[in-house]
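Participant: Please find one structure pasted underneath; my questions will follow.
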Amino acid sequence: MAAVQDTVEQVRSIDVDQYKYGFETNIESEKAPKGLSEEVIRFISAKKEEPEWMLQWRLDAYARWLTMQEPEWARVSYPQIDFQDLYYYSQPKKFKAPKSLDEVDPEILKTYEKLGIPLREQVILAGVEIPEGERPKIAVDAVFDSVSVATTFKEELKAAGVIFMPISEALREHPDLVKQYLGSVVPATDNYYATLNQAVFSDGSFVYIPPGVRCPMELSTYFRINEKNTGQFERTLIIADKGSYVSYLEGCTAPMRDENQLHAAVVELVALDDAEIKYSTVQNWYPGDAEGKGGIYNFVTKRGDCRGKNSKISWTQVETGSAITWKYPSCVLRGEGSSGEFYSIAISNGRQQVDSGTKMIHLGKNTTSRIISKGISAGKSNNTYRGLVSAHRKAAGARNFTNCDSLLIGDLCGAHTVPYIEAKNPTAQFEHEATTSKISEDMLFYCMQRGLSQEDAVALVVNGFVRDVLQQLPMEFAVEAQKLISISLEGSVG
Amino acid sequence: MAPLLEIKDLHAEIAGGRKIINGMNLTINPGEVHAIMGPNGAGKSTLSYVLSGKPGYEITGGEVIFRGVNLLDLSPDERAAQGLFLCFQYPLEIPGVSNMAFLHTAVNSQRKKRGEVELTSPELVRKVRELGKTLGIDADMLKRPVNVGFSGGEKKRNETLQMMLLEPYFCVLDEADSGLDIDALKVVSNGVNALRSPERSMLVITHYQRLLDYIVPDVVHVFNAGRIVHTGGKELALELEATGYAQYQSEAA
């Protein structure tokens, strides 16, 4: 009940009207030569001390990428990206894979401290006071530009049999696991950005949960782009073996810069029989300024494969950042009785462009999926929900429920909904509900007449609108997300 | 004794230029209940909006002194914190926000603005439950989103609950009886009457006499063409019921 009040107070207590993660860390870095070529890919692979098959895997992708076209179907517009004008690899200069936190560059530790990310194996997320002892533990993998700088709680996880480490390290320590699953959900042929990622990806997290294990804590990766003109291409691979469970959260921020930066990540999830993966994202890349200058181009491919019987994959995302968001976390419901979920809050303000949604691909019998999408557009932004729900002809008894709501704030923004529904099996049942509404002056006035300031009134109404989705986030991140939503909408009402 | 509210030569128009309030004067002392009656389109609802500061109206002249300050200088939320409460004719729905959370936020927003100690959750819940009981508002109705799917009667009871909880100095009731059956009308009027006190004043806006059988006013005004055209005691309401507004309409013109 007090959640709304908390939000209101937290909003009050933070610096508003500012992207608060916009600072830059001054640190010397070592980069690959500018531009994209076979040499650069060899350079990255060599830096990572990768096995030969890995290099070959990258080069195959690169060769394919050269023949591909940038997709143009999304409702976003941006100037042509010059892929030769980017750095594809950047690591802090003094960087050696650190064995413990004491070996991590203090400047980097300070950066994460400023961001409120707990690398010191303590769990204090901004604004959340939980008594010692009751604090949930969260293991963090911190990725700074192209490299992972720290992973916490390694020992405790190891005791449970959980593998949680940078993917570059996993390639050395668990090559068979990586080889078996990498690229098995998002193949090299998938799409332009995913193929590019396969060629040049630098780091990311690797998670393996052994059979029957319930991961003892939340796992989380925190991505930070610091370097100028540098693309970030991380690759995350999570495997939940039979009967296991894991909840994973990713967060991201970047400094404020006038030029646009490219982020093209790939996330692959594999759930075997009776396994469950819950993947939450709080995306807060720099969105650019009010005139649309700068900001991150976020072109991300996320897909989960419910490979086993009765497996379950659930995506929850809170998208507030990036100049352009192009992302469709999807579920391939292959295993009989498997289920997929997609809960999304996408907020656009200023000149942001969002084209996001999901794909639920029903292949197995009696598979179910659920989509709850809440889009909020403010300022001069455009917000598109694009979703596909399909049933293969063998997917008897497939069921989907989709609810897709859009809220408009002001009269210069746009909300669009583009659902694709394909059922090739006559027993499939798909439901689709959609609403578009405008935050009304009358509603705000009603709240203000009861004593709420205009900003509090907007926060209250928006929090009510997104409630169904916020409830899906782990508690401590829900608070964080609520705060973020309020900040994102700062100044959105006249 | 200083008046609680003084409206002096107030002029207001709707954004776009149509004049609605046209040289209105009204003084309300603490503890008094005034009724404003008049035909549809007389500007009665506009008066309630202008007093509470709804956007979309332009004040072109006059002033409104409320508890020593010029009300027109304040934002709607500041007016609320100063002790003005508007009971809406059509209360708004707020999906996803529970009634209890809304009450909590409202009470503490006002307390904060006034520099008072905020209510804790248990304090508030206790108080709301007590008040709710007198209005026939159960726990379920407090959990539901604000006004969403409420019947007309539930909405008005909910408005009355907010009013009782916020303890304003001055209540403006805009057509408080619209959408109410006779039982609900009794419940709401009982709630309103319970709030009558020597410090608290009310302005009851209605075009039917019926409501005034339950909330008995000290003074009745006839409102037409944007100002008060006639003032009398509570018997004026009965007179109007018999004769209608026609004579005052010609008077105003």
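Participant: Condition test on A:Asn382, is it under 28 Å from the mean Cα position of the chain (by Cα), away from chain B (no Cβ under 14 Å) and open to solvent by 30 Å² or more (accessible area, probe 1.4 Å)?
Facilitator: Working: under 28 Å from the mean Cα position of the chain (by Cα): yes; away from chain B (no Cβ under 14 Å): yes; open to solvent by 30 Å² or more (accessible area, probe 1.4 Å): yes.
Yes: the conditions hold for A:Asn382.
Participant: For the range A:355-379, what are the residues that are charged (D, E, K, R), farther than 15 Å from A:Pro426 by Cβ and surrounded by fewer than 21 Cβ atoms within 10 Å (Cβ to Cβ)? Write out each step before concluding.
Facilitator: First, the residues of the range A:355-379 that are charged (D, E, K, R): A:355, A:359, A:365, A:370, A:374.
From what's left, farther than 15 Å from A:Pro426 by Cβ: A:355, A:359, A:370, A:374.
A:Lys359, A:Arg370, listed by residue number.
Participant: Same structure again: Are any residues in the range A:408-423 modelled with pLDDT of 90 or more, over 23 Å from the mean Cα position of the chain (by Cα) and β-branched (Val, Ile, Thr), and if so, which ones?
Facilitator: Listed by number, the list holds a single entry, A:Ile421.
Participant: Can you tell me how many residues within the range A:296-314 are farther than 24 Å from A:Glu72 by Cα and touching a Lys or Arg at 6+ places or on another chain (Cβ under 7 Å)?
Facilitator: Qualifying residue count, the range A:296-314: 5.
Participant: OK, next. Residues of the range B:138-148 being more than 14 Å from chain A (Cβ to nearest Cβ) and surrounded by 14 or more Cβ atoms within 10 Å (Cβ to Cβ), which ones?
Facilitator: Going residue by residue through the range B:138-148, those that are more than 14 Å from chain A (Cβ to nearest Cβ) are B:138, B:140-141.
B:Met141, the sole residue that qualifies.
Participant: Taking the range B:39-64 as the region of interest, how many residues are within 15 Å of B:Met24 (Cα to Cα), of a type outside the set (Phe, Trp, Tyr) and either within 12 Å of chain A (Cβ to nearest Cβ) or assigned to a helix (DSSP H, G or I) (or both)? Working first, answer last.
Facilitator: Just the residues of the range B:39-64 that are within 15 Å of B:Met24 (Cα to Cα), to begin with: B:42-51, B:58-64.
Among the residues that remain, those that are also of a type outside the set (Phe, Trp, Tyr) are: B:42-48, B:50-51, B:58-64.
Now narrow it down to the ones that are either within 12 Å of chain A (Cβ to nearest Cβ) or assigned to a helix (DSSP H, G or I) (or both): B:44-48, B:50-51.
Total satisfying the criteria: 7.
Participant: Assess whether B:Ala35 counts as being at the interface with another protein chain (Cβ under 9 Å from one of its Cβ atoms), within 17 Å of the chain's Cα centre (by Cα) and not polar (S, T, N, Q). Before the answer, list the steps.
Facilitator: Working: at the interface with another protein chain (Cβ under 9 Å from one of its Cβ atoms): no; within 17 Å of the chain's Cα centre (by Cα): yes; not polar (S, T, N, Q): yes.
Judged against the criteria, B:Ala35 is not a match.
Participant: Output the residue which, of all residues in the range A:197-221 that are in contact with a strand residue (DSSP E or B) (Cβ under 9 Å, 6 or more places away or on another chain) and among the aliphatic types (A, V, I, L, M), is surrounded by the most Cβ atoms within 10 Å (Cβ to Cβ).
Facilitator: A:Ile209
Participant: Okay, next question. Go through the range A:266-346 and tell me which strands (runs of 3 or more DSSP E), entirely inside it, have 2 or more residues that are open to solvent by 10 Å² or more (accessible area, probe 1.4 Å).
Facilitator: Details: elements: A:266-271, A:276-283, A:295-306, A:312-319, A:324-327, A:330-333.
The qualifying strands (runs of 3 or more DSSP E) are A:276-283, A:295-306.
Participant: Scanning for something facing chain B (nearest Cβ under 9 Å) and either within 30 Å of A:Gly292 (Cα to Cα) or buried (at least 20 other Cβ atoms within 10 Å of the Cβ) (or both), does the range A:409-428 turn up at least one residue? Steps first, answer last, please.
Facilitator: Step one: list which residues in the range A:409-428 are facing chain B (nearest Cβ under 9 Å), which gives none.
Looking through the range A:409-428, none of the residues is facing chain B (nearest Cβ under 9 Å) and either within 30 Å of A:Gly292 (Cα to Cα) or buried (at least 20 other Cβ atoms within 10 Å of the Cβ) (or both).
Participant: In addition: Of all residues in the range B:95-109, how many are at the interface with chain A (Cβ under 7 Å from one of its Cβ atoms) and more than 17 Å from the chain's Cα centre (by Cα)?
Facilitator: Of all residues in the range B:95-109, those at the interface with chain A (Cβ under 7 Å from one of its Cβ atoms) come to B:95-98, B:100-101, B:104-106, B:108-109.
Those still in the list that are more than 17 Å from the chain's Cα centre (by Cα) too: B:95-98, B:100-101, B:104-105, B:108-109.
Matching residues across the range B:95-109 total 10.
Participant: Ok, one more. I'd like the full set of residues that are among the acidic types (Asp, Glu) and more than 8 Å from chain B (Cβ to nearest Cβ), limited to the range A:438-461. Give the derivation first.
Facilitator: First pass over the range A:438-461, keeping only residues among the acidic types (Asp, Glu): A:441-442, A:455-456.
Across the range A:438-461, the qualifying residue is only A:Glu455.
Participant: Within the range B:185-207, does at least one residue satisfy the condition of being open to solvent by 50 Å² or more (accessible area, probe 1.4 Å) and free of Cβ contacts under 8 Å to residues at least 12 places away in the same chain?
Facilitator: Within the range B:185-207, none of the residues are open to solvent by 50 Å² or more (accessible area, probe 1.4 Å) and free of Cβ contacts under 8 Å to residues at least 12 places away in the same chain.
Participant: Scan the range B:168-184 residue by residue and report those that are without any contact (Cβ under 8 Å) to a residue 60 or more places away in the chain and at positive phi. Explain how you work it out, then say what you get.
Facilitator: The first filter runs over the range B:168-184 and keeps only residues without any contact (Cβ under 8 Å) to a residue 60 or more places away in the chain, leaving B:177, B:179-184.
The one that is without any contact (Cβ under 8 Å) to a residue 60 or more places away in the chain and at positive phi: B:Gly179.
Participant: Among the candidates B:Leu135, B:Leu92, B:Leu119, single out the residue that is within 9 Å of chain A (Cβ to nearest Cβ), closer than 26 Å to B:Asn193 by Cα and aliphatic (A, V, I, L, M). Full working, then the answer.
Facilitator: Numbers: B:Leu135 fails: within 9 Å of chain A (Cβ to nearest Cβ); B:Leu119 fails: within 9 Å of chain A (Cβ to nearest Cβ).
Exactly one of B:Leu135, B:Leu92, B:Leu119 is within 9 Å of chain A (Cβ to nearest Cβ), closer than 26 Å to B:Asn193 by Cα and aliphatic (A, V, I, L, M), namely B:Leu92.
The values are calculated or read from the model by the stated rules, or taken from the named source; none is laboratory data. Note that the structure is a prediction, hence the values are computed from the model and not measured. Virtual Cβ from ideal backbone geometry, glycine too; neighbours counted across all protein chains shown. These area figures cover heavy atoms from the full protein model, side chains too; ligands, DNA and RNA do not enter into them. Shrake-Rupley method; radii C 1.70, N 1.55, O 1.52, S 1.80 Å.
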